[in-house]
1. Got a sec? Which strands (runs of 3 or more DSSP E) wholly within segment B:1-70 have at least 2 residues that are among the acidic types (Asp, Glu)?
2. Scanning segment A:211-229 for residues that are within 10 Å of chain B (Cβ to nearest Cβ) and among the hydroxyl-bearing types (Ser, Thr, Tyr), which turns out farthest from the chain's Cα centre (by Cα)?
3. Can you pull out the residues in segment A:278-301 that are open to solvent by less than 50 Å² (accessible area, probe 1.4 Å), touching a helix residue (DSSP H, G or I) at 6+ places or on another chain (Cβ under 8 Å) and closer than 15 Å to A:Ile252 by Cα?
4. Counting only residues that are facing another protein chain (nearest Cβ under 8 Å), open to solvent by 10 Å² or more (accessible area, probe 1.4 Å) and either in a helix (DSSP H, G or I) or under 13 Å from B:His116 (Cβ atoms) (or both), how many does segment A:188-210 have?
5. Scan segment A:232-243 residue by residue and report those that are open to solvent by 10 Å² or more (accessible area, probe 1.4 Å) and either closer than 11 Å to A:Leu70 by Cα or of a type in the set (Val, Ile, Thr) (or both).
6. With the structure loaded, tell me whether B:Ile133 is more than 13 Å from every other protein chain (Cβ to nearest Cβ) and touching a Leu at 6+ places or on another chain (Cβ under 8 Å) or whether it fails that test.
7. Kindly evaluate A:Ile285 against the criterion of being outside any helix (DSSP H, G or I) and more than 14 Å from every other protein chain (Cβ to nearest Cβ).
Amino acid sequence: MAKPSGTRSVKVYLGMLFLLGIAPLLFQWTNQPFLLDLLSRGLIIGIAALSLNLILGYGGMISLGHVAYLGIGAYCVGIPAYYDIYDGWIHLSLAVVTCALFALITGAVSLRTKGVYFIMITMAFSQMIYFIFLSLEEYGADDGLVIYARSEFPVWINMEGAISMYYWIFGLLILTLFFIHRLVRSRFGRVIIGSKYNDLRMQSLGFNTYGYRLTCYVISAVICGLAGVLLGNFTSFISPEMMSWTRSGELIFMVIIGGTGSLFGPLFGALSFLFLEEALSLITIYWHLIFGGLLIALVLFGKGGIDAWLSKLDK
Amino acid sequence: MKQNMRADSVLFIRSLCKSFGGIKATDDVSLSVCRGGIHAVIGPNGAGKTTLIAQLSGQIRPDSGDIEFDGRSILRAGMAQRARAGLARSFQITSVFREMTILENAMLGVQGAQGHSYRFWAPVHQDQDLADIAMDHLMTVGLHHRSGRIVSSISHGEQRQLEVAMALAMQPKMLLLDEPMAGMGKEETFRMIEILSSVGAEKTILMVEHDMDAVFSLADQLSVMVNGRVIATDSVAKIRSNPEVQKSYLGGSCAKD
């Protein structure tokens, strides 16, 4: 069973959240707006990685099309904004409904397959979305879409400043972590984890696993869509490129180097991925070469991912 | 006579056929399993015993024929549906969850029998009700004192016992056991015979088994399968003295007894 992350490394996790909580203040004090920007992005992608981990790490469903939901979420901000509709609740509900529907339809088909076929079919569906947005001239096609203002919420939800934006992202991150923490320990979670290890056995125990897996797939897509809404607000420029299947590959990488099936792992993975990418590109223009090598080393030697190393430190 | 038998049976199989390519794995099999008894299916390797179990549990669809369970045809029901209807299966290849504890495995069985699991919030490990029922069934197979152990760290024999406990945890009307003694030593086999005879006192069992000692000491009824066909079904004593069965399967081993 996925190891109960609540026991051993709880101090590491709380410390991590504390650091993330005070980071904007440190950055402001040291006057590093760029780092705040990078960290905000990292947390958004982190939420997307957490959502992917729900199906990949806990459910054993390796989707190579998960960024489609990130993109759909972002376009659910971008397209209404294009028509001067900035109501945040409209953006949010549009993203939730669209992601849930798309996940329900594509999941219903994809989950009929297993293994490599599942990977290929999820990739095919996300490429469909990618090419649809690529051909939508009205919404900028491959030039992308500029979002001129952030989603508008009641006054108490203010996303205008960089720091308040960060704290809304941080808030959704905490919510997502708590939600997944509860979910994987519930009856539903047990069925999902069980069907990852032995789907046939779960069916023979009376579980119609298809329905449970589909539900899990939809939940994961909706969380990723919410991350997309944040991304759309944060970057203020969105393009189909963010939905290309290579992006989904990166997301899988983040989950794996962070630690599949661990609660915090994918967040660590996403943050290290983005910071490493940034740091290496400062050093040399051939950074892809070093980055690729590092990733290979991490996958080869880093069993259990970053989360597993942290657990060892905590022993 | 035949009508009478059918009324008394929990599971009634009629002219079941299943071919893979040119091989008839199940060839016009008809069987009736009496309520409350232990019915064993024996036969050489490749006789189609596991294929039969797989069709009964819903893993494989038969080409033709019918399966009635508890008075209703279950042919169109899927695996999960049949399991919830009270037909629990254990596997020849141990299919327990090695990454979980013994208790967590048994709790899954209870959870499977307790209606839907679309419950997203309450933690399972605090579900005392689930754990208590699971513990009862672990006690039946004698694993209750080791309930916290991770399954990958327990012996093969114990894993086979857990396999039975998981099937029991579903509170089924009938158990389909696919070689419960598979890969066991003498000591472990003896323990399993004890367990199954106590379980068999309360539940109907259809089991496929190779171990003749186990079969002869447990079963009330015996069916012999050869090349996908059931060549004889009768009481244990009569099967042992049936010349056709001795020739095709039991060889000379029975004559010595």
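The values are calculated or read from the model by the stated rules, or taken from the named source; none is laboratory data. Everything quoted here is computed from the prediction, not taken from an experiment. Glycine gets a Cβ as well: all are built from the backbone with ideal geometry, and neighbour counts include every protein chain shown. We work out accessible area using only protein heavy atoms, side chains counted, and drop any ligands, DNA or RNA first. Shrake-Rupley method; radii C 1.70, N 1.55, O 1.52, S 1.80 Å.
1. In segment B:1-70, the matching strands (runs of 3 or more DSSP E) lie at B:23-34, B:64-69.
2. Only one residue tops the list, namely A:Tyr212.
3. A:Leu295, A:Leu298
4. Result for segment A:188-210: 5.
5. A:Thr235, A:Met242
6. So B:Ile133 fails the test.
7. It is true that A:Ile285 is outside any helix (DSSP H, G or I) and more than 14 Å from every other protein chain (Cβ to nearest Cβ).
For (1) outside the structural domain of B:Ser30 (by TED's automatic domain parsing); (2) open to solvent by less than 60 Å² (accessible area, probe 1.4 Å); (3) in a strand (DSSP E or B); (4) touching a residue at least 24 places away in the same chain (Cβ under 8 Å), each residue gets a yes or a no:
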position: B:Ile133; (1), (2), (3), (4): yes, yes, no, yes
position: B:His137; (1), (2), (3), (4): yes, yes, no, yes
position: B:Gly183; (1), (2), (3), (4): no, no, no, yes
position: B:Glu194; (1), (2), (3), (4): yes, no, no, no
position: B:Ser217; (1), (2), (3), (4): no, no, no, yes
